[in-house]
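The values are calculated or read from the model by the stated rules, or taken from the named source; none is laboratory data. This one's a predicted model, so the numbers in the text were calculated from it and none came from an experiment. Neighbour counts are summed over all protein chains in view; Cβ atoms, including those assigned to glycine, are modelled from backbone coordinates with ideal geometry.
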Amino acid sequence: MRLDDIEESSNVEDRRGQGGGFGGGFPGGRGGLGIGTIAVLTLVGWALGINPAILIGGAEMIQGRGGQVVSQSAPPRASSPQEEQLRQFVARVLKTNEDVWERILPEQRRVQYRNPRLVLFRGATRSQCGGAQSAMGPFYCPLDERVYLDMSFFEEMRTKMRAGGDFAYAYVIAHEVGHHVENVLGILPKVQAMQQRLSRREANALSVRVELMADCLAGVWAHHAQQRWRILEQGDIEEALTAAAAIGDDKLQKQAQGYVVPDSFTHGTSEQRARWLTQGLRTGSIQACDTFNSRAL
C-alpha cells in the first residue's frame with residue numbers, strides 16, 4: 001500500500017501503556033461475553049492452532065450480557081520502532097476511512113458521517129460493550145462508537161492464518177469501520193432488537209448479513225481510496241481476499257473440528273466473505289452492499 005502522503009488520524013486513542021481490564025464492561029453496560037466463556041474458548045482456540053476470535057464469534061459485541069468488571073494490571077512497555085511504524089500505518093488507514101466516508105455517505109445515502117475512535121491496547125482494556133482482550137480480535141462497540149485493536153492481531157494473521165500483508169491489515173480496520181457505518185445508518189440497533197426476538201439459528205443468520213455487509217463496505221472504502229490516492233500496489237487485492245477467505249466460518253470450523261455447522265455461522269463462508277469484499281471493491285456503492293435484501297448471500 002502507498003500511504004506515505006496520507007496524514008494520520010487524530011481519532012486514535014492509544015491505551016497501550018495503561019493497565020487493562022476485562023470482564024463484562026462498565027456497570028450498567030450491555031454486550032460482551034462472560035469471562036469464563038472467553039477463557040474456555042481462548043484455550044480451545046490456542047490448542048487447535050486457530051485464532052480464538054473465531055470461536056468467540058468475532059467479538060463484534062452486537063449481542064451479549066454485561067457483568068462485573070475485573071481489573072488486570074499491565075506494566076507500561078515502550079513501543080518498538082516496528083510497533084511505532086505499525087501505529088502510524090493504522091492511523092493513516094483510519095484517516096483514509098474518515099475522508100472516504102465523510103464524502104460518500106452524504107452523497108450516496110444523504111446521511112451525515114461521524115468519525116469513530118480507534119483504541120489501541122495491549123492485552124486487555126475496557127469498552128462499553130464489555131471487556132476487550134487480545135484473544136478476541138479486533139471489534140467495534142456501537143455503544144461507545146469505538147474500534148478496539150491490539151496490533152498483535154496482525155502478527156496472528158500472518159503466522160496463524162497465513163493472511164499477512166499491509167492491505168490485509170487495512171481490510172481488517174476497514175471492516176470494523178464498516179460496522180460503524182452500519183451503526184450510523186441505524187442498521188446495528190435494528191439487528192440487535194430483532195435478534196432478541198429470534199432463535200439462536202435465526203440470530204446467527206442475521207449476524208452473517210451484518211458481517212458480509214461490513215466486508216462489502218470495506219471494499220467500498222478501498223474502491224474510493226484507490227480512486228483518490230492510488231493506494232494499491234501489485235498483490236494488495238489478493239492479500240485482502242486471502243484474509244477474507246481465511247476467516248470464513250466454514251474454513252475455520254473445518255480446521256477446528258473437522259466438520260462445519262452452517263446454523264452456527266456468524267460471519268459467512270470463505271467464498272461469501274471474499275465475494276462481498278469484491279462486490280464493494282468493484283462497485284464502490286453502499287447500495288450494492290445491501291445483504292439484508294439479497295436473496296443469495
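Structure data summary
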item	result
Conditions (1) touching a residue at least 24 places away in the same chain (Cβ under 8 Å); (2) farther than 12 Å from VAL147 by Cβ; (3) touching an Asp or Glu at 6+ places or on another chain (Cβ under 7 Å); number of the one not met by LEU120	(2)
Conditions (1) of a type in the set (A, V, I, L, M); (2) modelled with pLDDT under 95; (3) buried (at least 23 other Cβ atoms within 10 Å of the Cβ); number of the one not met by MET161	(3)
Subset of segment 249-269 [closer than 14 Å to ARG162 by Cβ and surrounded by 20 or more Cβ atoms within 10 Å (Cβ to Cβ)]	LEU252
In segment 186-218, the residues that are charged (D, E, K, R), surrounded by fewer than 21 Cβ atoms within 10 Å (Cβ to Cβ) and within 18 Å of SER294 (Cα to Cα)	LYS190, GLU202, ARG209
Filter result (among the acidic types (Asp, Glu) and touching a strand residue (DSSP E or B) at 6+ places or on another chain (Cβ under 8 Å)) within segment 87-146	ASP144, GLU145
Breaking point among (1) β-branched (Val, Ile, Thr); (2) under 27 Å from ILE104 (Cα atoms); (3) under 19 Å from the mean Cα position of the chain (by Cα), for THR283	(3)
Pairs, first more than 17 Å from ALA274 (Cα to Cα) in segment 239-257, second among the basic types (Lys, Arg) and surrounded by fewer than 20 Cβ atoms within 10 Å (Cβ to Cβ), C-beta under 6 Å, six or more apart	none
